[in-house]
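Heads up: the structure comes next, in structure tokens.
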Amino acid sequence: MAEQRAPAAAGNDTLARLAEVIESRRSADPDRSYVARLFARAPDAILKKIGEEATETVMAAKDGVRERIVAETADLWFHSLVMLAHYRLGPADVLAELERREGLSGLAEKAARPAQARDPGPGELIDPLKASPLE
């Protein structure tokens, strides 16, 4: 029997719509909105949730249960969208980067990254308003 797959979805539209909802919660009451609460406690609360969700995603994948993998990945993506919004980024930024990398060897692409495009070094911070390393 063939493996069951979800139908192709308009992921770009779904992510963009969800990003708009997340952005609309930025100024909401933290006592009434989970996302507003994360923004009010940013970045630590957001980053902690991403770490938790990433761990749960790995555990679900290790268990190999399709429904748990999908559910945990959805949680991880959601919290990643909140993090992107905090840094004034959105799914279009990530999709553009994925499109730029499409067709490139992963090893060659990583080696070709300029130093400033790599992860910030120890003690190097990213300004959430500029979304670039602080000088």
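The values are calculated or read from the model by the stated rules, or taken from the named source; none is laboratory data. Keep in mind that what you see is a predicted model, and the values were worked out from it rather than measured. Side chains included, ligands, DNA and RNA excluded: accessible areas come from the protein's heavy atoms. Shrake-Rupley method; radii C 1.70, N 1.55, O 1.52, S 1.80 Å.
Leaving ligands, DNA and RNA out of it, report the carbon-plus-sulfur percent of the accessible area of the stretch 23-95 at a 1.4 Å probe.
It is 57 percent, rounded to a whole number.
Can you work out the accessible area per residue across the stretch 26-80, with the rest of the protein chains kept in place, probe 1.4 Å, in square angstrom?
Per-residue value: 65 Å².
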*So how do ILE50, ILE69 rank on accessible area, 1.4 Å probe, biggest first, that is with the largest at the start?*
ILE69, ILE50
